[in-house]
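The values are calculated or read from the model by the stated rules, or taken from the named source; none is laboratory data. In this text the structure is predicted, and so the values were computed from the model without any measurement. Here the Cβ positions follow ideal geometry from the backbone for every residue, glycine too, while neighbour counts run over all protein chains shown.
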């Protein structure tokens, strides 16, 4: 009796982890993806727009608000540069650098993970050591130290973030390779004399790649946040070239005079990061499930 | 006991590696005399000063002297402010950073525990949805922009709080709010899922069978178990915060270590950068050791052997 009462209590009072229904989740995810696509299209469109000019100063038309002057749809900054153009140009830089960082992470993580999982033994141990060291190195501090030596640059940021954030790729690639390496479809070509390189390329990689794309998509948001933060600190791309983080830094100085200058680039970051987060929610539930049965 | 010793030895090795990397980076940054002397200095004067500072000696000798110096707390002299020791510039700013970090961390964590326990005691879906959604929104906003928004609203717009620098207690509100909300969001999510995992555990059923009320079960039985996984994340975060509230410090012109580091980078003052990095690494390593030891103390299932 007590037991049933207790169970009933558990059932009603403690909320079960209620997952969003599949349809709701898909809808949210689609909305997120749509927002990101729209922002990217908007950035491209602004670059093609005849009034596109992120650098010319025009003090006569400084500090215009949004939607006042049709020549400057989103207004101008304190020295009269067109804000729409600057935010779009900053978006292009920020997104391209993000893509470069994610790509480096993708390649480094996948290769190391495959090697560790497929060969095991000392290869696994060495790569585990490399992972531990990279985890212990705070990327921001490393970038600070290297910027103090070489001076800040986009290339330096891509390399530092690219070579310090590949662990989630490697972990999953290793686990998959490990679980596949003794399967029949891997053993069979080996007995026929296929080289390890060929087996990895034609039999293991096709199973790993889709998962790596999912990891890539889920990591975009955090890479943008990190990178924008470093640009904000002045450790990334240097002015006058605009980036979203750099534009916020620039706008913060004048936020009393023209708050739009700081709000617009911040809003852009928020839209893209929020969009990718919601978009990737569709995959995170799947990727944490046990490995799908492979035909 | 041997676990404690092993863990501490491991930490010492990590420190040694960090110290060595800092030395190598320091030598890569070049000889400092050109930075210390005024513009008009001749090549001979520059070379002389480099010699006097020991930068022309064999590299191993320099390394030995550097290690010996560190053991005596000597991190060299700032290249830009020749009167001041590099470590002095950093340590002078350290308290502002630690206060900000500890305060924000504690507020974020405590509020998260209260919120997660409340969700589970009331069983309210609305409450949970509120936390989930506000969390998703907050984590899509970068810290620096969140800070700027707070300044725009509460300092520029409403004029309730000071916007920049440290001018007494009210200055803490906005930077602490920026960091604490980010921490809160993270811990609420982790605690909520950890608590949910406990609901079906046998010990929970036993507790109900003993006649404990639902609130008591959540607070005294489930919470301690759910808290363990949070501890690891919280420890890493605390270490990260103590060493690096850099971005938030920059937003609010906080007189902390992060701002000192960034200034040193822009001035190419590598002695200060090096001292700052070593202090951060030391904090990081010590906090991690403490958390690991604490973990095995709290959870007897983690063997000390």
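Has the stretch B:44-55 got at least one residue that is surrounded by fewer than 12 Cβ atoms within 10 Å (Cβ to Cβ) and out of contact with any helix residue (DSSP H, G or I) (no Cβ under 7 Å at 6 or more places or on another chain)? For the stretch B:44-55, residues surrounded by fewer than 12 Cβ atoms within 10 Å (Cβ to Cβ) and out of contact with any helix residue (DSSP H, G or I) (no Cβ under 7 Å at 6 or more places or on another chain): present.
Do we find that residue B:16 is assigned to a helix (DSSP H, G or I) and either at pLDDT below 80 or surrounded by fewer than 17 Cβ atoms within 10 Å (Cβ to Cβ) (or both) in this structure? Walk me through it before giving the result.
Details: assigned to a helix (DSSP H, G or I): yes; either at pLDDT below 80 or surrounded by fewer than 17 Cβ atoms within 10 Å (Cβ to Cβ) (or both): yes.
When the stated conditions are applied, residue B:16 passes them.
Being crowded, with 22+ Cβ neighbours inside 10 Å, within 14 Å of another protein chain (Cβ to nearest Cβ) and either on the phi > 0 side of the Ramachandran plot or part of a helix (DSSP H, G or I) (or both) narrows it down to one of B:277, B:282, B:236, B:223, so name that one.
B:277
Check every one of the helices (runs of 4 or more DSSP H) wholly within the stretch B:82-188 and list those with 3 or more residues that are buried (at least 22 other Cβ atoms within 10 Å of the Cβ) and either touching a residue at least 24 places away in the same chain (Cβ under 8 Å) or at the interface with chain A (Cβ under 9 Å from one of its Cβ atoms) (or both). Output list reads B:86-122, B:143-150.
Take the conditions under 24 Å from the mean Cα position of the chain (by Cα), surrounded by fewer than 20 Cβ atoms within 10 Å (Cβ to Cβ) and part of a helix (DSSP H, G or I) and apply them to residue A:101. Does it pass?
Judged against the criteria, residue A:101 is not a match.
As a summary of the residue check, residue B:211 satisfies the conditions (1) out of contact with any helix residue (DSSP H, G or I) (no Cβ under 6 Å at 6 or more places or on another chain); (2) assigned to a loop (DSSP other than H, G, I, E, B); (3) more than 9 Å from chain A (Cβ to nearest Cβ) except for the one numbered (3). Please work out if residue A:234 is at the interface with chain B (Cβ under 8 Å from one of its Cβ atoms) and surrounded by 18 or more Cβ atoms within 10 Å (Cβ to Cβ). Taking the combined requirement at face value, the residue satisfies it.
Counting just the residues of the stretch A:258-268 that are touching a residue at least 60 places away in the same chain (Cβ under 8 Å) and not in a loop (DSSP other than H, G, I, E, B), which one comes out nearest to the other protein chains (Cβ to nearest Cβ)? Working first, answer last.
Keep residues of the stretch A:258-268 that are touching a residue at least 60 places away in the same chain (Cβ under 8 Å), which gives A:258, A:260-261, A:264-265, A:268.
Applying the additional criterion that residues be not in a loop (DSSP other than H, G, I, E, B) yields A:260-261, A:264-265, A:268.
Details: A:260: 11, A:261: 11, A:264: 11, A:265: 8, A:268: 10 Å.
Only one residue fits best here, namely A:265.
Here is a check on your reading of the model: is residue A:94 part of a helix (DSSP H, G or I), away from chain B (no Cβ under 14 Å) and in contact with a helix residue (DSSP H, G or I) (Cβ under 9 Å, 6 or more places away or on another chain)? Here the answer is no, as residue A:94 does not meet what is asked.
Among the conditions (1) more than 14 Å from chain B (Cβ to nearest Cβ); (2) free of Cβ contacts under 8 Å to residues at least 12 places away in the same chain; (3) more than 27 Å from residue A:160 (Cα to Cα), residue A:255 misses just one, which is (1). Among the conditions (1) in contact with a helix residue (DSSP H, G or I) (Cβ under 8 Å, 6 or more places away or on another chain); (2) within 30 Å of residue B:258 (Cα to Cα); (3) without any contact (Cβ under 8 Å) to a residue 12 or more places away in the chain, residue A:229 misses just one, which is (3).
Conditions (1) assigned to a helix (DSSP H, G or I); (2) buried (at least 16 other Cβ atoms within 10 Å of the Cβ), marked per residue:
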| position | (1), (2) |
| --- | --- |
| A:35 | yes, yes |
| A:40 | yes, no |
| A:45 | yes, no |
| A:56 | no, no |
| A:63 | no, yes |
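For (1) over 22 Å from residue B:247 (Cβ atoms); (2) part of a helix (DSSP H, G or I); (3) in contact (Cβ under 8 Å) with a residue 12 or more places away in the chain; (4) in contact with a helix residue (DSSP H, G or I) (Cβ under 7 Å, 6 or more places away or on another chain), each residue gets a yes or a no:
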residue: A:133; (1), (2), (3), (4): yes, yes, no, no
residue: A:141; (1), (2), (3), (4): no, yes, no, yes
residue: A:152; (1), (2), (3), (4): no, no, yes, no
residue: A:168; (1), (2), (3), (4): yes, yes, yes, yes
residue: A:174; (1), (2), (3), (4): yes, yes, yes, yes
residue: A:177; (1), (2), (3), (4): yes, yes, yes, yes
residue: A:189; (1), (2), (3), (4): yes, yes, yes, yes
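Taking the stretch B:60-81 as the range and being touching a residue at least 24 places away in the same chain (Cβ under 8 Å), in a helix (DSSP H, G or I) and over 23 Å from the mean Cα position of the chain (by Cα) as the test, the residues that pass are B:62, B:63, B:66, B:67.
In this structure, does residue A:160 turn out to be within 14 Å of chain B (Cβ to nearest Cβ), in contact with a helix residue (DSSP H, G or I) (Cβ under 6 Å, 6 or more places away or on another chain) and either in a helix (DSSP H, G or I) or closer than 30 Å to residue B:273 by Cα (or both)? The answer is yes for residue A:160.
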